[in-house]
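Scroll down for the structure; my scribbles are underneath it.
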2 protein chains.
Amino acid sequence: MMSRRFSVLFIAFILTISVFLSADASASDGDDGYRLWLRYEPVTDPVVKGEYLKFSAFIRQSGKGEIMQSASQELQKGFKSLVNRNISRTNSSGNMSGGIVFKLLPRTTSVDDEGYRIQLAGGNVEISSKSESGILYGTFALLKHMQMQRPLKNLNITGSPKVRYRMLNHWDNPDGSIERGYAGSSLWKWYELPERVDPRYMDYARANASLGINGTVLNNVNASARFMSQEYIVKVAAIADVMRRYGIKTYLSVYFAAPKTLGGLPTSDPLDPSVRAWWKEKVAQIYKEIPDFGGFLVKANSEGEPGPQDYGRTHADGANMLAEAFSPYDGIVIWRAFVYKADPNADRFKAAYEEFVPLDGKFDPKVIVQVKNGPIDFQPREPFSPLFGNMPKTPLGIEFQLTQEYLGFATHAVYEAAIFKECLQSDTYVNGGGSTVAKVVDGSLHGYARTLMAGVANTGNVRNWTGHPLAQANWYAFGRLSWDHQLSAEQIAQEWTELTLTRNRKARENIVDLMLRSREIYVDYNTPLGLSRPWMGVHFAPEPWQNKGSRPDWTAVYYHRADSVGLGFDRTAAGSNALSQYRPEVQKQWNDPDKTPLSYLLWFHHIGWGKKLSTGNTLWDELCGRLYSGADSVMWMQKKWDLAKGNLDAQVYTDVAERLKVQRREAIWWRNAWVLYLQTFAKQPIPKDFQPPKQTLDEVKKSVNIYLMR
Amino acid sequence: MMSRRFSVLFIAFILTISVFLSADASASDGDDGYRLWLRYEPVTDPVVKGEYLKFSAFIRQSGKGEIMQSASQELQKGFKSLVNRNISRTNSSGNMSGGIVFKLLPRTTSVDDEGYRIQLAGGNVEISSKSESGILYGTFALLKHMQMQRPLKNLNITGSPKVRYRMLNHWDNPDGSIERGYAGSSLWKWYELPERVDPRYMDYARANASLGINGTVLNNVNASARFMSQEYIVKVAAIADVMRRYGIKTYLSVYFAAPKTLGGLPTSDPLDPSVRAWWKEKVAQIYKEIPDFGGFLVKANSEGEPGPQDYGRTHADGANMLAEAFSPYDGIVIWRAFVYKADPNADRFKAAYEEFVPLDGKFDPKVIVQVKNGPIDFQPREPFSPLFGNMPKTPLGIEFQLTQEYLGFATHAVYEAAIFKECLQSDTYVNGGGSTVAKVVDGSLHGYARTLMAGVANTGNVRNWTGHPLAQANWYAFGRLSWDHQLSAEQIAQEWTELTLTRNRKARENIVDLMLRSREIYVDYNTPLGLSRPWMGVHFAPEPWQNKGSRPDWTAVYYHRADSVGLGFDRTAAGSNALSQYRPEVQKQWNDPDKTPLSYLLWFHHIGWGKKLSTGNTLWDELCGRLYSGADSVMWMQKKWDLAKGNLDAQVYTDVAERLKVQRREAIWWRNAWVLYLQTFAKQPIPKDFQPPKQTLDEVKKSVNIYLMR
């Protein structure tokens, strides 16, 4: 007996050593970030550990559904890693205690389908829900609780989502590139599918499910028709098979002209019967391979993409045709409101409202219109889109961008929860005060049957998923807010930091502090006082001088309108009158340049260079002040980060520290570009508190041009 | 004392556990392939382990050079992992035994600069070389020896490279994409450099140095001028700092028109003094940041790239201008011979010879002309390029392609050593029999002072570097052959398999068998009997019918010349007479269709459909036979692979097994495309032994067209 026990121990020891050595043989000995917020680092508090072990005797499933299996597997993984205990599964219905019990509630129970409750019952930890997905979400909630070393005494955790469709949008192309991706190439390996299923797909699903994300659009909204072919549908189905096990539905972006280019029809007119028949058949073909297919996402008549207007039809005509094809199924049609015409005299700000508000009430109930948070395009700061609140009969979903297209790619730390929250908390006043964007989106304001929050993914195939280690927090924050938009940016940052980076309280405080200020710092050196779109080319380098484009609204000067008098886009009645798209209460906030918060000032007003602002500074001095302090604040971020050193993984520490150095250099670049360029209009000296840039405007332009070369 | 010892053990145990658990928390529990052939799996033979431990007392360096430091670190890593022993370094010159000693030989010793010897001396393992690089190569040779669990008794290993410049060419673009890359995006993260230095750069360097590769060209030959800017030079310098520690020099591809586009000069004419001055200054600027810079690689007047001919100058004029700029330095100019004009009446086969042979003797000694192995473009099988042997006064380097542009991307298993060896062993007969391409390339035939072997890299940022796990073998084989072209394909496959996949002899035999036959199998279903270039578009799907292109030689029909009479490109005197570029002895092998080996038949002859071949079959029957047996042989590969199951890592097993399924499906696709298309000319039935394709030609074309869509 003794010797057998010894040999078991010996084998365990050898196995342990061999994994240790394997890990050692690569250069990346530290935390490579792959595990995200699901690190399951061993519990260090012995009391808490003992408590957890009391419930490690078994997992009792309720049925054998595949999502339930995933929940069990995740618990097993978590317990093994957190408290080094293997838990086995049982389906026994006998009286047992000291384990974890999944309890599937009757469908008639009056709780949300996906909600869950975790409590102690009958000597077990019980996770109950009406759905397997709810059980899975409860499981992840329990594991989060344990990762944070919280006691199980008086355990009573409940959760239920405020929005029904919580999804990522991938702008991934069939060739593996990602439009606006800064974290390597696509996770989806189309040339290997369907036969080869990358193990990483499962870790992607785990990460999303842990946040409550229940949908994913795999391909770019500038969509390839390939995805409507049987060849690609079976590839998509292989991914959907993985997603399904984690309660995630798979969606596709569609190319509106596919009936012509792929189907060989003479037209893609949505009112043409042969076109309608083609889409019906196509959707049926998809459901044959993917019985729980989620639906279509459509970018139509936008930035050159084909759409119903090519045939004199409306967006509603196009969307309803697709909705008809989905009528036998659960799937939905998500139609993007991101449209604007190439009109030099128009204000792009107003375009989506003008096109979509007249269509309110004309969409099939299966259609959700997906609206970007702001009226233009994911700028570091935008006012909320005036569409929110103005389409009471049409479910409006919100689209946020996680990938840092306009936020410094993978080298600028920008915690985006501040952007998401700012928009969600904005009051539209459509039904009086308190009519926030969040209430529009969660359906409570207009009683939408279908509600949606979408995030344009920032994931790629780099080892840590997002490039910048801190960008993982943006994925996390989006997921958490899509589940519960009432969480605060700080609360989410606290959680994420504890799960992902460190259990050390002091280090966490410094990191959270850095995160919470990061967005304002970026705005200050990049687009202060309500400036926007100072780049064209690759959306990387400063180009406020850019004044030639294939469209008038594809220039930088279109947006900032700098001239000898002043700066900013007049959107009052004296200007484009875009403000009229908001309710009077909102207009009142932004109509008067003297009362407009400085953060939105140049979004709505053309302000004279010498005008005194509420700070007591002239516009020029205030601009310079913000650009300089923004760039200098990156040094503050560096100091904050350095204070956490030693209390988080060394590899992660170095990674972020190096990226902050890039950010510091580029922040100065941005500052210099703006100051020197605007100075040619303002014709004023740089305030004496600040050291003038070492570069000339011409030198900055030259250095920018390098990034525009092939 | 006892309790202190216990606590040390306890801490070690906790550390071990924590790494074990970390590894467990990700889905990829198996071998993810990241370690390549440097796995350093624990030695399992206790006798051998004991022997190794006898030499683990210390490492004695010779000096403190940084390459020497890398060698020490690698030994430490290896010993830790192989025999679980920490070795410390010493610089003591006292008499010590039981360690490993690096011995730097005087420069006057008559051995090759980079060569090494490993032997037992004074109770130590002694690694001696004239250079630090040699010590590093010896170190890797010792570690390989240990990975293979070979005894140290009578240790006497020597090595020295046959070629001086052994390098990878990366076709990586500044945006992170890779031209013809199938393993994710670029390893080089230009937006993060120079501040952030990805730890993976070091593992890349280690892998290359372990093979003796001593140079790397970081960017695509379709080069961006960005790399000539100070902004990018400092980024390149940050990578060069890592490479230098492993004896690897960094090179750049250059855009010939950079003086105009980047420098703002009115011309890029190589004879213009201002252009010459610009390049001189540019090279000086690079050396200021990278003191050991390797040199330039140039694709000029090729496929639309600018070059000296834009100004009526020759390739020699262009190359010599750049060589002049390098005259104060060690760097060299590598000028590619991959040129061909868009002439519908010309034979592309002949173009490089026609342009370059007249320039023999006109190049600066610092120039090496880099020639692709075959006359066209990295086809699954090509005859050797007729340039080899025909430029005795000009050092000719050889360029192989590791990335599988024409070899099925990342889902077809093709062991390329067979391709490399076939070319290197080819006899040019230029100085009589035995004048092999290898002897041209290694300089022994014409006394070249500078010799070069280049491989177009198949690396990307996917975790296992190359996509297909077996494609790692192609990187390995190229490196080994660039060091010693006399190694056989089998020898290399044996080595690689043992180091990378399994120590089990039987499993190795099956895998090596699969590898050695893989190239002929691919040729059989892809381009049998000397066919070539049946694809245009993305070089993925079969397109033998493709007959429209922006250039006449950018069609498939240009190459196979199928008509009602027969198939193949007549390159005899009756045809393009390309054969005349070879020596008479070579012509004799390929001139007569009845004597031409079948593998080269259609490269040189237009053969009637009904002609009886040496096999006794007509051309049509032989073609069908090869296409069918090629596609079916993938099933044999699957069986071979399955026989190794259980004797190699499960994750790697599954990965390859799934890719073989894709290969099987696509091999049938290829077979069907060829058979159905050629049947429209041959007008003969498919031989009765074979089951006719289930698809029609039209269906195959449609399925191919899907892959040509946006």
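Could you please let me know if residue B:488 is in contact with a helix residue (DSSP H, G or I) (Cβ under 8 Å, 6 or more places away or on another chain), assigned by TED's automatic domain parsing to the domain that holds residue B:169, touching a residue at least 24 places away in the same chain (Cβ under 8 Å) and over 24 Å from residue B:643 (Cα atoms)? Even if it seems obvious, please write down each step before you answer.
Working: in contact with a helix residue (DSSP H, G or I) (Cβ under 8 Å, 6 or more places away or on another chain): yes; assigned by TED's automatic domain parsing to the domain that holds residue B:169: yes; touching a residue at least 24 places away in the same chain (Cβ under 8 Å): yes; over 24 Å from residue B:643 (Cα atoms): yes.
Taking the combined requirement at face value, the residue satisfies it.
Filter segment B:562-582 for residues that are in contact with a strand residue (DSSP E or B) (Cβ under 7 Å, 6 or more places away or on another chain) and buried (at least 18 other Cβ atoms within 10 Å of the Cβ) and give the result. Don't jump to the end; show me each part of the working.
Start the filter on segment B:562-582 by keeping residues that are in contact with a strand residue (DSSP E or B) (Cβ under 7 Å, 6 or more places away or on another chain), which leaves B:565-568.
If the condition is that a residue be in contact with a strand residue (DSSP E or B) (Cβ under 7 Å, 6 or more places away or on another chain) and buried (at least 18 other Cβ atoms within 10 Å of the Cβ), then B:566, B:567, B:568 are the ones that fit.
Given the options A:467, A:460, name the one that is touching a residue at least 40 places away in the same chain (Cβ under 8 Å) and either part of a helix (DSSP H, G or I) or touching a strand residue (DSSP E or B) at 6+ places or on another chain (Cβ under 8 Å) (or both). Explain how you work it out, then say what you get.
Numbers: A:467 fails: either part of a helix (DSSP H, G or I) or touching a strand residue (DSSP E or B) at 6+ places or on another chain (Cβ under 8 Å) (or both).
Exactly one of A:467, A:460 is touching a residue at least 40 places away in the same chain (Cβ under 8 Å) and either part of a helix (DSSP H, G or I) or touching a strand residue (DSSP E or B) at 6+ places or on another chain (Cβ under 8 Å) (or both), namely A:460.
Kindly establish whether residue B:652 is at pLDDT 95 or above, in a helix (DSSP H, G or I), in contact with a Ser or Thr (Cβ under 7 Å, 6 or more places away or on another chain) and buried (at least 19 other Cβ atoms within 10 Å of the Cβ).
Values: at pLDDT 95 or above: yes; in a helix (DSSP H, G or I): yes; in contact with a Ser or Thr (Cβ under 7 Å, 6 or more places away or on another chain): no; buried (at least 19 other Cβ atoms within 10 Å of the Cβ): yes.
When the stated conditions are applied, residue B:652 does not pass them.
How many residues, within segment B:73-104, are in contact with a strand residue (DSSP E or B) (Cβ under 8 Å, 6 or more places away or on another chain), buried (at least 21 other Cβ atoms within 10 Å of the Cβ) and not in a loop (DSSP other than H, G, I, E, B)?
Adding up the residues that qualify gives 4.
Within segment B:332-354, track down each residue that is within 26 Å of the chain's Cα centre (by Cα) and of a type in the set (D, E, K, R).
Our first condition is that a residue be within 26 Å of the chain's Cα centre (by Cα); within segment B:332-354, this holds for B:332-340, B:348-353.
Hits for segment B:332-354 are B:336, B:348, B:350.
Suppose the filter is within 30 Å of residue A:81 (Cα to Cα), more than 11 Å from chain A (Cβ to nearest Cβ) and modelled with pLDDT under 95; does residue B:19 pass it?
Here the answer is no, as residue B:19 does not meet what is asked.
Of the residues that sit in segment B:279-310 and are of a type in the set (A, V, I, L, M, F, W, C) and part of a loop (DSSP other than H, G, I, E, B), which one is nearest to residue B:335 (Cα to Cα)?
Residues of segment B:279-310 that are of a type in the set (A, V, I, L, M, F, W, C), as a first pass: B:279, B:283-284, B:286, B:290, B:293, B:296-298, B:300.
Filter again for part of a loop (DSSP other than H, G, I, E, B), leaving B:290, B:293, B:300.
Values: B:290: 21, B:293: 17, B:300: 8 Å.
Step by step, filter segment B:279-310, then rank; the result is B:300.
Those residues that are surrounded by fewer than 21 Cβ atoms within 10 Å (Cβ to Cβ) and not polar (S, T, N, Q), I need them from segment A:261-281; list them, please. So that I can check it myself, show each step before the final result.
First pass over segment A:261-281, keeping only residues surrounded by fewer than 21 Cβ atoms within 10 Å (Cβ to Cβ): A:261, A:263-267, A:271-274, A:276-277, A:280-281.
The answer is A:263, A:264, A:265, A:266, A:271, A:272, A:273, A:276, A:277, A:280, A:281.
Specify the residue that is nearest to residue B:679 (Cα to Cα); the eligible residues are those in segment B:696-708 that are within 12 Å of chain A (Cβ to nearest Cβ) and surrounded by fewer than 16 Cβ atoms within 10 Å (Cβ to Cβ).
B:698
If you go through segment B:81-134, how many residues are in contact (Cβ under 8 Å) with a residue 60 or more places away in the chain and out of contact with any helix residue (DSSP H, G or I) (no Cβ under 9 Å at 6 or more places or on another chain)?
1
Would you mind finding the one in B:313, B:276 that is farther than 22 Å from residue B:167 by Cβ and either within 14 Å of another protein chain (Cβ to nearest Cβ) or not in a loop (DSSP other than H, G, I, E, B) (or both)?
Values: B:313 fails: either within 14 Å of another protein chain (Cβ to nearest Cβ) or not in a loop (DSSP other than H, G, I, E, B) (or both).
Only one candidate passes the filter, namely B:276.
What do you reckon, is residue A:141 within 30 Å of residue A:47 (Cα to Cα) and buried (at least 24 other Cβ atoms within 10 Å of the Cβ)? If you could, list the steps in order and put the result at the bottom.
On the way: within 30 Å of residue A:47 (Cα to Cα): yes; buried (at least 24 other Cβ atoms within 10 Å of the Cβ): no.
No, not satisfied.
Out of B:674, B:670, which single residue is of a type in the set (A, V, I, L, M, F, W, C), closer than 19 Å to residue B:411 by Cα and away from chain A (no Cβ under 13 Å)?
Numbers: B:674 fails: closer than 19 Å to residue B:411 by Cα.
The unique qualifying residue is B:670.
Step by step: first the residues of segment B:388-416, then only those that are within 14 Å of another protein chain (Cβ to nearest Cβ) and among the β-branched types (Val, Ile, Thr), then the one that is farthest from residue B:374 (Cα to Cα). Which residue is that? Outline the logic, then answer.
As a first pass, look at segment B:388-416 and keep what is within 14 Å of another protein chain (Cβ to nearest Cβ): B:403-405, B:407-413.
Still in the list and also among the β-branched types (Val, Ile, Thr): B:403, B:411.
Working: B:403: 16, B:411: 24 Å.
The extreme case among them is B:411.
Check A:254, A:217, A:242, A:221 and return the single one that is under 28 Å from residue B:699 (Cβ atoms) and more than 10 Å from chain B (Cβ to nearest Cβ).
A:254
For the subset of segment B:434-449 comprising residues that are in contact with a helix residue (DSSP H, G or I) (Cβ under 7 Å, 6 or more places away or on another chain) and of a type outside the set (A, V, I, L, M, F, W, C), which member is nearest to residue B:518 (Cα to Cα)?
Within segment B:434-449, the match that is nearest to residue B:518 (Cα to Cα) is B:436.
Which one is nearest to the chain's Cα centre (by Cα) among residues in segment A:40-55 that are surrounded by fewer than 21 Cβ atoms within 10 Å (Cβ to Cβ) and assigned to a loop (DSSP other than H, G, I, E, B)? Break it down stepwise before answering.
Start the filter on segment A:40-55 by keeping residues that are surrounded by fewer than 21 Cβ atoms within 10 Å (Cβ to Cβ), which leaves A:41-42, A:44-51, A:53-54.
Restricting the remaining residues to those that are assigned to a loop (DSSP other than H, G, I, E, B) gives A:41-42, A:44-45, A:54.
On the way: A:41: 26, A:42: 29, A:44: 32, A:45: 34, A:54: 38 Å.
Across segment A:40-55, the extreme among qualifying residues is A:41.
Could you tell me which numbered condition residue B:173 fails, if it satisfies all but one of (1) within 29 Å of residue B:217 (Cα to Cα); (2) crowded, with 21+ Cβ neighbours inside 10 Å; (3) within 14 Å of another protein chain (Cβ to nearest Cβ); (4) touching a Phe, Trp or Tyr at 6+ places or on another chain (Cβ under 7 Å)?
(4)
Name the single residue that is nearest to the other protein chains (Cβ to nearest Cβ) among those in segment B:677-695 being under 18 Å from residue B:563 (Cβ atoms) and either among the acidic types (Asp, Glu) or part of a helix (DSSP H, G or I) (or both).
B:677
What residue, among those in segment B:195-214 that are at the interface with another protein chain (Cβ under 10 Å from one of its Cβ atoms) and among the hydrophobic types (A, V, I, L, M, F, W, C), is surrounded by the fewest Cβ atoms within 10 Å (Cβ to Cβ)? Walk me through how you get there before you give the answer.
At the first step, the residues of segment B:195-214 found to be at the interface with another protein chain (Cβ under 10 Å from one of its Cβ atoms) are B:195-206.
Next, only the ones that are among the hydrophobic types (A, V, I, L, M, F, W, C) stay: B:197, B:202, B:205.
Numbers: B:197: 17, B:202: 19, B:205: 22.
Of everything passing the filter in segment B:195-214, B:197 is surrounded by the fewest Cβ atoms within 10 Å (Cβ to Cβ).
Residue-by-condition table, conditions (1) crowded, with 23+ Cβ neighbours inside 10 Å; (2) closer than 21 Å to residue B:387 by Cα:
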| site | (1), (2) |
| --- | --- |
| B:291 | no, no |
| B:332 | yes, yes |
| B:341 | no, yes |
| B:349 | yes, yes |
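Residue by residue through segment B:439-465, note down the ones that are crowded, with 24+ Cβ neighbours inside 10 Å and more than 14 Å from every other protein chain (Cβ to nearest Cβ).
Across segment B:439-465, the qualifying residues are B:440, B:441, B:452, B:453, B:454, B:455, B:457, B:458.
Does residue B:264 meet the test of being small (Gly, Ala, Ser) and touching a residue at least 60 places away in the same chain (Cβ under 8 Å)? Quick ask: steps written out before the conclusion?
On the way: small (Gly, Ala, Ser): yes; touching a residue at least 60 places away in the same chain (Cβ under 8 Å): no.
So residue B:264 does not fit the description; no.
Looking at B:412, B:446 in this structure, which one is touching a residue at least 12 places away in the same chain (Cβ under 8 Å), within 24 Å of residue B:294 (Cα to Cα), in the same structural domain as residue B:209 (by TED's automatic domain parsing) and assigned to a loop (DSSP other than H, G, I, E, B)? Spell out how you get there, then give the answer.
On the way: B:412 fails: within 24 Å of residue B:294 (Cα to Cα).
One residue alone meets the criteria, B:446.
The values are calculated or read from the model by the stated rules, or taken from the named source; none is laboratory data. No experiment lies behind these values; they were computed from the predicted model shown. A quick note on method: Cβ atoms are made from the backbone with ideal geometry, for glycine too, and the neighbour counts reach across all protein chains shown.
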